[in-house]
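What follows is one structure encoded as structure tokens, with my remarks underneath.
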Amino acid sequence: MRTVDEYIQFLQGKGFQLQEDAIGFIQFGKHYTNASDELANTAIELTLKAQKKFDGSFYVSLLEMLVSNQIKTRPEAIQYVKEKQLLSI
């Protein structure tokens, strides 16, 4: 499993250029919600899929929702957003 920093580097290697403010939002959201790297990375992935770009407020809201519903893993997070029809992924 990748750390958030490793995941950001992976995304940048794939052509997603995250600006400094986006990286700041990612770190803020992770610490604010006390989310695991896996959950933070999943929230980044789902944000990019839903918004086609990084949207910091969307990311933080999604991460808060996942943490408050005690979602712990990527498969649980994907299942949750599908069940709640939060994203069309």
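Throughout, read-outs are computed from the coordinates displayed, never taken from laboratory work. Keep in mind it's a predicted model, so treat the numbers as computed, not measured. Positions of Cβ are backbone-derived with ideal geometry, glycine not excepted, and every protein chain shown enters the neighbour counts.
Using a simple spin-label model with pseudo-atoms 7 Å out from Cα toward Cβ, Asp5 and Lys52 lie 3.3 nm apart. Cross-linked pairs Lys14/Lys72; Lys14/Lys49; Lys30/Lys72; Lys49/Lys84; Lys14/Lys84; Lys30/Lys52: Cα-Cα separations exceed 19 Å for Lys14/Lys72; Lys14/Lys84; Lys30/Lys52. Charged side chains reduced to their Cβ positions (Lys and Arg at +1, Asp and Glu at -1) give region 4-83 a dipole of some 260 debye around its Cα centre.
Comparing Cα centroids, region 6-23 and region 24-80 end up 15 angstrom apart. You can think of it this way: the chain between His31 and Leu86 has 17.5 nm of extra reach, that is 0.36 nm per residue less the Cα-Cα gap. The stretch between Ile23 and Gln79, if pulled fully straight at 0.36 nm per residue, gains 17.6 nm over its current Cα-Cα span. Within the chain, the ratio Rg/Rh, alpha carbon atoms throughout and Rh by Kirkwood, equals 0.92. Taking the chain as a Gaussian network, Cα atoms linked when under 10 Å apart, which of Phe25, Phe16, Phe58 shows the biggest mean-square fluctuation? Taking springs between Cα atoms under 10 Å, the residue moving most is Phe16.
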